[in-house]
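Right, one structure below, let's go through it.
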Amino acid sequence: MFNKILLAYDGSDGAKLAFEKAAEIAKLTSADFHILAVGRIKEIVVKKGEGFGTTNVMKVTMSCDHRVVDGATGAAFLQTLQGLLEEPLRMLV
């Protein structure tokens, strides 16, 4: 299913620049690359109940070769990744 995953990180607020760099690399190699681009973790203000609080967010962008992986499989992968990043202790069990 996921033969090759190219992980790209550029340290910026978002994942767009990392994705663009990774896409250029994938074009130069082979077609069955899946690109997972991540931005840095950023603390933002969110509404919590009656007040406000802070939470950490990280942008993640993924692109899959549709000939190899369909959208539902890619979405399931991202949901699993999100769960593991939010609760890293799950990786130990």
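The values are calculated or read from the model by the stated rules, or taken from the named source; none is laboratory data. Predicted, not measured: the structure shown is a model, and the values here were computed from it. Glycine gets a Cβ as well: all are built from the backbone with ideal geometry, and neighbour counts include every protein chain shown.
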Selected residue (only one of L89, L84 is modelled with pLDDT of 80 or more, outside any loop (DSSP other than H, G, I, E, B) and surrounded by 10 or more Cβ atoms within 10 Å (Cβ to Cβ)):
L84
Among the numbered conditions (1) among the basic types (K, R); (2) surrounded by 10 or more Cβ atoms within 10 Å (Cβ to Cβ); (3) closer than 25 Å to L6 by Cβ, tell me where K48 comes up short.
(3)
Identity of the residue in segment 58-81, in contact with a Phe, Trp or Tyr (Cβ under 9 Å, 6 or more places away or on another chain) and of a type in the set (V, I, T), that ends up surrounded by the fewest Cβ atoms within 10 Å (Cβ to Cβ)
T73
